[in-house]
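Structure first, commentary second.
The values are calculated or read from the model by the stated rules, or taken from the named source; none is laboratory data. Source: prediction; values computed, not measured. Because the Cβ atoms are built from the backbone with ideal geometry, glycine has one as well, and the counts that use them run over all protein chains shown.
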Amino acid sequence: MKTLTSVCLLLGLFIQPQRVFGQVAGSNIYLSVGYNPVGVGPLNTWFGDALKYPKLQGGMLTGGLGVQGISNNWVIGVDLDAGLSPLAANSAAKLRAYRGAATLKLGYVVLQRNGLILYPLVGAGYGAFATRIWDSDKRYPTFVPAPKDANENVVLSQQGLIGQVGLGLDLYPGINSRGNRAGFILGLRAGYSFMPTSENWKANYDASVTSGALRFGAGGPFVKLILGGGVLRRR
């Protein structure tokens, strides 16, 4: 009896890792919604208290789409994301922050079982951060070229390389006729995205801000819920 128990335990140690750590392959496409708080405190200071602007809000709602493939547990994909902050308004001006990015991601599946996979991710790409100022009655910061009229938008923007680190968790609940996980997928992404700090700003996308520019890089934690479709095959 002891011998049989020992054999069963040894078999369990061998079989279970194949279910949890075995290789998978597949592909998926998805939409995402999420939240990305960006630290905008330095921007509020840069604009100056004398302007009496409302405080810019950095908590951004995000949306996007993505596609990824999985081969021998390696995950590679592309995400396109955009976000905007709540409107900040008072009698002096209206402000809103925007962010967009295209990111190439690479990851590796470290756990998989019953259609659920977990993988760390790193990513790099190109992104932009912008603050729109309008209805400010020409009370713009001194470093902004004078607009033609009081109601003209002024957009201060940065563009450059971005990076991200995070974790992905995907669930494939359906099973097709071949025994593969297929159909609807539900997932979660969480991590941290960042843009290297820079003093390179554009006003209205063409005039460079050269006087007193703030060194800033948009970054912060993020969380995204994904909904899509795909297939997951165990090897």
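Identify the single condition in (1) more than 17 Å from ILE29 (Cα to Cα); (2) in contact with a Gly (Cβ under 8 Å, 6 or more places away or on another chain) that VAL78 does not satisfy, given that it satisfies every other one.
Going through (1) more than 17 Å from ILE29 (Cα to Cα); (2) in contact with a Gly (Cβ under 8 Å, 6 or more places away or on another chain) one by one, VAL78 breaks only (1).
Give all pairs with beta carbons closer than 6 Å in which a residue from the stretch 204-216 that is more than 15 Å from VAL155 (Cβ to Cβ) meets a residue that is modelled with pLDDT under 80 and of a type outside the set (Lys, Arg); count only pairs at least 6 apart in sequence or on separate chains.
What qualifies is SER211/PHE143; GLY212/PHE143.
So, LEU61, is that one hydrophobic (A, V, I, L, M, F, W, C), closer than 23 Å to THR131 by Cβ and either part of a loop (DSSP other than H, G, I, E, B) or touching a residue at least 40 places away in the same chain (Cβ under 8 Å) (or both) or not?
Judged against the criteria, LEU61 is not a match.
Select, from ALA102, ALA124, the only residue that is more than 22 Å from ASN73 (Cα to Cα), of a type in the set (A, V, I, L, M) and at pLDDT 85 or above.
Being more than 22 Å from ASN73 (Cα to Cα), of a type in the set (A, V, I, L, M) and at pLDDT 85 or above holds for just one of ALA102, ALA124, which is ALA102.
Considering the stretch 35-47 alone, what residues qualify as being closer than 20 Å to TRP201 by Cβ and surrounded by 14 or more Cβ atoms within 10 Å (Cβ to Cβ)?
Result: VAL38, VAL40, LEU43, ASN44, TRP46, PHE47.
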